[in-house]
Amino acid sequence: MIPLSQPMPAENIPASKAPGHWVLARLDKRILRPGGLALTRKMMQALNIGPTDKVVEFAPGLGVTAKMALEKKPARYTAIEREPVAAEQVRQYLNDKTQTCITASAQKTGLADQCATVVYGEAMLSMQPDGQKFEIMREAARLLPAGGQYAIHELSLVKVTPELQESIHEALCRTLHVGATPLTQEQWVYLLAQAGFKVTQIFTAPMALLEPVRIMRDEGLLQSLRFFFNLALHPEAYCRIAQMRAIFQKYKNHLSAIVIIAEKQAGIKNLHSTAHA
Ligand SMILES: C[S@@+](CC[C@H](N)C(=O)[O-])C[C@H]1O[C@@H](n2cnc3c(N)ncnc32)[C@H](O)[C@@H]1O
């Protein structure tokens, strides 16, 4: 592989066993969300982050959206990333003490109640079991005052029966080596409502994470060439990526990317009343 400029998460796990997103990162792919940069831009536009906003990002990964949020110069930016090596990468983009990246789980951030005006997370809820998805959404609700915005960018399922949903879940878990449990749009909206949010906007895009055109659009020409070159040089990782792409292709009529923008409802009781720290 072309040597990476910095350490990557799960570097010492063989490519055949590592979580799919970290195999991609090791091959120097930086955009790891299902709707790509175009859907992220729609999310950021809808959130309209400005200088008075206090932003919390769940699971920034390699920090691509973190950089976009920081360009808006929010009053505060806090990232919550559970993978220490990824958190260290995000810290490289931070400039002063109003900007922090905490190594923690999004369901237990340790942050104070209502400390944020905007919370968002991409490609992180789909990989959690439903109970944990709900806990993370409730944590987002705890961090926001009524009217605060929460955005998610996730994998969603279309035109599925319960049996097909289960088959896709099993196939994704087997191939991605994470507990991938995507939901239908209605299920995402329902879970958000249960957690205390009212949905205000929804955007969708094809799930084309491993399609060459999307890779070129997301990564740019040079970075894409690095990625394809790395793939060619690394047969074990190539095999993993080929398996992942085959599953995405197999279920392409049932997989989609979704961004949901939601607003915290008034009168929602917190699961945990104050910060956990
Ligand atoms: C598929 S990557 C997406 C990274 C980035 N958001 C993106 O879209 O490019 C999933 C990220 O979620 C992080 N993650 C997963 N579960 C988490 C949790 N419960 N709390 C914090 N981070 C989590 C992983 O460490 C990883 O960085």
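Measuring between alpha carbons in the structure, the pairs from Lys108/Lys133; Lys67/Lys97; Lys54/Lys264; Lys42/Lys250; Lys72/Lys108; Lys73/Lys97 lying more than 18 angstrom apart are Lys42/Lys250; Lys72/Lys108.
Compared with the direct C-alpha span, the chain from Asp96 to Ala242 gains 48.4 nm at full extension, assuming 0.36 nm per residue. Length gained on full extension, Ala146 to Gln132, computed as 0.36 nm times the residue gap minus the Cα-Cα distance: 2.8 nm.
Looking at the range 178-277, the trypsin sites (Lys or Arg not before Pro) that sit in a DSSP loop and have at most 12 other Cβ atoms within 10 Å of their own Cβ are Lys269. Mean residue ellipticity, 222 nm, helices only, the chain: the sum of -39500 (n - 2.57) across DSSP H runs of n ≥ 4, divided by residue count and rounded to 500, is -12000 deg cm²/dmol. Is the C-alpha gyration tensor of the range 20-264 telling us rounded, prolate or oblate? Criteria: a/c under 1.5 is rounded; beyond that, a/b larger than b/c is prolate, otherwise oblate. Taking the square roots of the gyration eigenvalues as a ≥ b ≥ c, the range 20-264 is oblate. Within the range 1-84, the trypsin sites (Lys or Arg not before Pro) that combine a DSSP coil assignment with at most 14 other C-beta atoms in a 10 angstrom radius are Lys17. Taking the Cα centre of the chain as the origin and placing charges on Cβ (Lys, Arg +1; Asp, Glu -1), which of Gln249, Val158, Ile49 is farthest toward the positive end of the dipole? Of the candidates, Ile49 comes out farthest on the positive side. Overall, the chain carries a charge dipole of about 340 debye about its Cα centre when +1 sits on the Cβ of Lys and Arg and -1 on the Cβ of Asp and Glu, all other atoms neutral.
Computed from the coordinates by the stated procedures, all read-outs in this text should not be read as laboratory data. Just so it is clear, the model here is predicted, and its values are computed rather than measured. For neighbour counting, all protein chains shown are included, and Cβ atoms are generated from backbone atoms with ideal geometry for every residue, glycine included.
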